[in-house]
Amino acid sequence: MSKKKEPDMMDKIVSLCKRRGYVFPSSEIYGGISSTWDYGPLGAELKRNLKTFWWDSMTNRRDDIEGIDSAILMHPQVWHTSGHVAGFNDPMVDCRTCKARFRADKLEEARCPRKPSKNPVEHGCDLTEAKQFNLMFKTFMGPVEDSGSTVFLRPETAQGIYVNFLNVKNSSRQRIPFGIAQIGKAFRNEITPGNFIFRTREFEQMEMQYFVHPSEDEKWFEYWKEQRWAFYLELGIRPEKLRWQEHGPDELAHYAKAAYDIEYEFPFGWSELEGVHNRTDFDLTRHMEATGKDLRYNDDQRKEKYHPFIIETSAGCDRTILTLLTDAYDETEIKGEKRVFLRLSPKIAPIKAAILPLVKKDGMPEFAEKVYLELKKRFKVFYDVSGAVGRRYARMDEVGTPFCITIDGQTLEDETMTIRDRDTMEQTRMKAPELMEFINSRV
């Protein structure tokens with residue numbers, strides 16, 4: 001009898017996400033729709049925590065960055081000016097045999113539908129010549145569907161920042177150097193989306209554009225590389241799983257002077273997590289030429305007027321979620337039993353603590369409920385009275401809850417409770433006020 005194949009890491013993560021309410025296939029009861037995903041109760045909470053953490057690091061902790069929330073639907077001329085309508089393309093090939101479509105420059109990563117273990121080249125697919133495929137989603141605004149009513153779903157959030165440069169500068173009275181940050185949905189009609197939530201057609205970006213004097217672009221470029229690297233370490237991601245990847249001369253976008261990617265070693269290999277780009281003055285210059293609006297910065301200290309250079313940091317929220325889940329996933333054998341631990345940082349874990357009465361009697365549930373209601377005022381916590389306490393620990397470990405608080409017989413005597421650390425499994429007795437401060441210090 002052949003041995004059952006062990007699921008690979010991505011299969012394990014996808015299974016955990018579905019089972020525990022992190023990510024579900026979209027429209028699943030209708031058979032789903034390719035590469036679209038819904039965030040469940042824990043996934044929505046994790047995503048909200050990540051976006052709050054990013055927003056806090058970019059805006060609340062700083063005086064030099066303002067936040068905006070621009071519209072998804074923009075004037076169609078924006079995308080002509082930015083070059084997306086003419087040049088936002090990927091090379092595409094078709095297989096004459098199975099009719100599947102692949103990115104011509106990513107054939108090694110693709111999988112043939114008839115032989116999923118092989119890529120199209122290995123399987124000998126009969127491929128057409130490459131042709132350019134525009135990634136923009138089109139729709140129509142108004143009651144008439146014609147070329148005059150065509151609009152686009154934005155493929156990036158950055159352009160919403162550039163067209164609001166004057167609005168933000170004038171209303172906030174910021175002086176260069178300063179930045180504008182935004183979190184929002186973007187849409188790309190990817191030829192071959194895949195790898196779970198890594199590459200999808202609907203996704204969320206966390207972008208910041210930092211406007212600097214042209215003579216100081218290299219200094220600020222290095223500064224933001226350091227800041228963005230530190231952000232992922234602060235999230236608890238293992239540094240040995242991160243690396244920088246420089247864009248070579250033939251890889252640079254037409255607007256970029258320099259570009260580096262922070263890459264993470266996913267189960268499917270090293271891939272981009274975030275990009276840091278020196279976009280020069282390309283975007284503001286183009287929008288000024290197209291609109292006639294003066295988008296130069298009047299620098300009264302330097303006594304000159306100029307188009308700022310832009311240092312961009314562009315992160316995918318969904319990719320970061322996948323990174324956090326992948327980096328946190330751990331399997332440990334305890335007393336001969338394989339246990340799954342999701343070692344998420346307390347800063348972004350969906351549930352911060354679980355409150356567990358040891359038994360359903362002797363006043364323990366009533367005391368536990370009081371603790372739960374008190375902690376709930378400050379943190380996302382979970383009350384669980386069902387099953388043996390060891391099983392409850394295991395459930396909380398698997399969903400990434402960093403602390404479990406157990407109410408037992410001694411609690412009723414001196415009001416101390418046991419707080420168990422998910423990662424060290426150390427248990428310490430504390431009273432309720434100490435618990436609040438202990439969790440707060442780690443969150």
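Summary table below
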{"read-out": "Degrees, to the nearest 10: 389-399 long Cα axis against longest axis of the chain", "value": "0 degrees"}
{"read-out": "When the convex hull of its Cα atoms is projected in every direction, mean area for the stretch 191-311 (nm²)", "value": "10.1 nm²"}
{"read-out": "Spin-label pair residue 391/residue 137, simplified geometry with 7 Å Cα→Cβ offset, distance in nm", "value": "4.3 nm"}
{"read-out": "Simple spin-label estimate for residue 362 and residue 376 in nanometres, 7 Å along Cα-Cβ", "value": "2.5 nm"}
{"read-out": "Euclidean distance of C-alpha centroids, the stretch 301-316 and the stretch 416-442, integer Å", "value": "46 Å"}
{"read-out": "Cα-based Kirkwood hydrodynamic radius, the stretch 305-423, one decimal, Å", "value": "16.3 Å"}
{"read-out": "Check: the stretch 44-168 dipole with +1 on Lys, Arg Cβ and -1 on Asp, Glu Cβ, in debye", "value": "600 debye"}
{"read-out": "Protection-proxy order for peptides 177-188, 137-148, each taking the mean of Cβ atoms within 10 Å per residue, highest first", "value": "177-188, 137-148"}
{"read-out": "Summed residue charge, Cβ within 12 Å of residue 258's Cβ, Lys/Arg positive, Asp/Glu negative", "value": "-4"}
{"read-out": "Ratio Rg/Rh [Cα only; Rh per Kirkwood] for the stretch 94-170", "value": "1.22"}
{"read-out": "Calculated Rg and Dmax of the stretch 69-126 using C-alpha coordinates, Å", "value": "16.8, 47"}
{"read-out": "DSSP beta bridge pairing in the stretch 355-439, given as percent antiparallel to the nearest 5", "value": "70 percent"}
{"read-out": "Modelled label reach - residue 8, point 7 Å along Cα→Cβ, the stretch 171-201 residues with backbone N closer than 13 Å", "value": "195-196"}
{"read-out": "Degrees, to the nearest 10: 317-328 long Cα axis against longest axis of the chain", "value": "40 degrees"}
{"read-out": "Net charge over other residues, Cβ less than 12 angstrom from the Cβ of residue 84 (K, R count +1; D, E count -1)", "value": "+2"}
{"read-out": "Principal-axis tilt of helix 282-291 within the chain, Cα atoms, nearest 10 degrees", "value": "60 degrees"}
{"read-out": "The stretch 225-357 - charge dipole about Cα centre, Lys and Arg +1 at Cβ, Asp and Glu -1, debye rounded to 20", "value": "480 debye"}
{"read-out": "Signed unit charges on C-beta, dipole axis of the stretch 217-307, positive-most listed residue 237, 288, 248", "value": "288"}
{"read-out": "Evaluated over the stretch 130-268, the Cα radius of gyration and Dmax, each in Å", "value": "18.3, 54"}
{"read-out": "Pairwise centroid distance, computed over Cα atoms, of the stretch 211-260 with the stretch 355-386, Å", "value": "45 Å"}
{"read-out": "Tail weight of P(r) past 27 Å, computed on alpha-carbon pairs of the stretch 1-128, percent", "value": "55 percent"}
{"read-out": "For peptides 318-324, 421-427, sequence by mean Cβ density within 10 Å, most packed first", "value": "318-324, 421-427"}
{"read-out": "Residues residue 29 and residue 383, FRET efficiency given R0 of 30 Å [Cβ-Cβ distance, rounded to 0.05]", "value": "0.50"}
{"read-out": "Qualifying lysines (Cα of each under 19 Å from Cα of residue 99; at least 8 residues distant if same chain)", "value": "115, 118, 131"}
{"read-out": "Listed residues 142, 209, 260: farthest to the positive end of the dipole of the chain (Cβ charges)", "value": "142"}
{"read-out": "At 0.692 mPa s and 37 °C, Stokes D of the chain from Kirkwood alpha-carbon radius, µm² per second", "value": "132 µm²/s"}
{"read-out": "Top positive-direction residue, dipole computed over the stretch 1-82 with Cβ charges, set 80, 37, 16", "value": "16"}
{"read-out": "Loop trypsin sites (Lys or Arg not before Pro), the stretch 248-316 (other Cβ atoms within 10 Å of the site Cβ: 10 or fewer; DSSP)", "value": "303"}
{"read-out": "The stretch 322-391 - convex hull of the alpha-carbon atoms, volume per residue in Å³", "value": "94 Å³"}
{"read-out": "Distance violations [Cα-Cα > 19 Å] among 169/305; 169/293; 18/335", "value": "18/335"}
{"read-out": "Estimated dipole of the chain in Debye, rounded to 20 [Cβ of Lys and Arg +1, of Asp and Glu -1, Cα centre]", "value": "1080 debye"}
{"read-out": "Over the chain, relative contact order from alpha-carbon pairs under 8 Å, at least 6 apart, %", "value": "12 percent"}
{"read-out": "The stretch 178-261 - percent relative contact order, Cα under 8 Å, separation 6 or more", "value": "22 percent"}
{"read-out": "Residue-count net charge about residue 220 - beta-carbon cut-off 13 Å; Lys, Arg +1, Asp, Glu -1", "value": "-2"}
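No lab work stands behind these numbers, since they all come straight from the coordinates. In this text the structure is predicted, and so the values were computed from the model without any measurement. Glycine gets a Cβ as well: all are built from the backbone with ideal geometry, and neighbour counts include every protein chain shown.
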